[in-house]
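The structure under discussion appears below in the form of structure tokens.
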């Protein structure tokens, strides 16, 4: 699974939630995104395979943009752009 080369998009912050199980990676990413300015980019490192579906649904429901997802050596990397609406 590779939608984009993760290093091609420079994140404003990185969140390492490796070893955490659903729903913690999404909850932690949500908290991190809320603390970032609109349009900022967050990279999330996850080992829970359930995150593949979880982050797609999370972005669809919140209006954030899933810029890329990448799987390398059992670590899933999601690159998410915070929605531009500051109220989110």
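A short reminder: the numbers here are calculations on the coordinates, not readings from a lab. Predicted model, so just to flag it, every value in this text is computed and none were measured.
A few remarks follow.
- Among (1) 116; (2) 80; (3) 108, the entry that matches volume of the Cα convex hull per residue in Å³ as calculated here: (2)
- Computed [θ] at 222 nm, helices only, for the chain once each DSSP H run of length n ≥ 4 contributes -39500 (n - 2.57): -8000 deg cm²/dmol
- Among 45, 66, 27: highest mean-square fluctuation, GNM of the chain, C-alpha pairs under 10 Å: 27
- The long axis of helix 24-34 is offset from the longest Cα principal axis of the chain by roughly 30 degrees.
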